[in-house]
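Here is the structure we will look at.
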Amino acid sequence: MLRERIRPVQRPGASWWPDSALLTPVTQVAGLGNYGLWGTRHSVGMEVLDRLARQLAVAEGWRVDKRCCADVALATAHGLELVLLKPRRFMNLNGLSVASAAEIYSLGPEDIYLVHDDLDKALGKVAIKLGGSASSFEMTRLRIGIGRPEGDVTVSNYVLSPFTAGEREKLEQILVQAVTCLLEHIQILASRRPVAGLMVERAD
């Protein structure tokens, strides 16, 4: 037979965590990049998170969470509580913040979105890679194309440089496209989640 039970989300202890989130499925959306190097190609994932926060009306809600060394804002979209995350680390250490936040909020890989730049996609290309199957979960990635450097410019110098004025003009629409793509995918995810934190289990 089937039985239903409440699976509460772990309360992280921060006073700004809303009580309404306690019985609501949670998803982490992490914008990757080099914290403090705003406007550079390698940090475009963080720009997407800033745009997402504005669209979800939580742009003033960013707080520093020392437990995961990140800026965190809480939002709601399509019935899911979103933990928006911008690691306060360099790109190669972003994973530490993502993993710490996942532990704090009791999340698995299938509950996490990573937003980051992609050298192998032209500027303006946005692509989302779905997570794994039910038996092999992986984090979902939203890739923002930045293209490859031309001439003698090294990859490291290229990704750590700011967008040019011409690229910046295109970036506005790219950010809109990225946020739209992300929210559409989250809507699909929400439709597959248990409602109001209920988890259906089969009793032995």
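The table below lists the values:
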{"item": "Count of the range 78-132 residues which are of a type in the set (D, E, K, R) and over 25 Å from VAL159 (Cα atoms)", "result": "4"}
{"item": "Elements of type strands (runs of 3 or more DSSP E) in the range 121-204, at least 1 residues being at pLDDT 95 or above, under 25 Å from THR27 (Cβ atoms) and in contact with a helix residue (DSSP H, G or I) (Cβ under 6 Å, 6 or more places away or on another chain)", "result": "126-129, 140-145"}
{"item": "Residue that is surrounded by the fewest Cβ atoms within 10 Å (Cβ to Cβ) [pool: residues in the range 104-119 that are more than 12 Å from the chain's Cα centre (by Cα) and modelled with pLDDT of 95 or more]", "result": "LEU119"}
{"item": "Evaluation of GLY33 against (1) touching a strand residue (DSSP E or B) at 6+ places or on another chain (Cβ under 7 Å); (2) open to solvent by less than 10 Å² (accessible area, probe 1.4 Å); (3) not β-branched (Val, Ile, Thr) (one fails), failing number", "result": "(1)"}
{"item": "Single condition GLY79 does not satisfy, out of (1) in contact with a strand residue (DSSP E or B) (Cβ under 9 Å, 6 or more places away or on another chain); (2) over 23 Å from VAL126 (Cα atoms); (3) touching a residue at least 12 places away in the same chain (Cβ under 8 Å)", "result": "(1)"}
{"item": "Residue that is nearest to LEU119 (Cα to Cα) [pool: residues in the range 36-51 that are open to solvent by less than 20 Å² (accessible area, probe 1.4 Å) and part of a helix (DSSP H, G or I)]", "result": "ARG41"}
{"item": "Index of the failed condition, GLU81 passing every other in (1) open to solvent by less than 70 Å² (accessible area, probe 1.4 Å); (2) within 22 Å of ASN34 (Cα to Cα); (3) part of a strand (DSSP E or B); (4) not aromatic (Phe, Trp, Tyr)", "result": "(2)"}
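Per-residue answers, yes or no, for (1) crowded, with 20+ Cβ neighbours inside 10 Å; (2) in contact with a helix residue (DSSP H, G or I) (Cβ under 8 Å, 6 or more places away or on another chain); (3) modelled with pLDDT under 95:
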{"residue": "ALA53", "(1), (2), (3)": "yes, no, no"}
{"residue": "VAL58", "(1), (2), (3)": "no, no, no"}
{"residue": "ALA70", "(1), (2), (3)": "yes, yes, no"}
{"residue": "LYS86", "(1), (2), (3)": "yes, yes, no"}
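The values are calculated or read from the model by the stated rules, or taken from the named source; none is laboratory data. Just so we're clear, the structure is a prediction, and the values are computed from it rather than from any experiment. Cβ sites come from the backbone with ideal geometry, for glycine too, and all protein chains shown count toward neighbours. Protein only, heavy atoms only, side chains kept; ligands, DNA and RNA dropped before computing areas. Shrake-Rupley method; radii C 1.70, N 1.55, O 1.52, S 1.80 Å.
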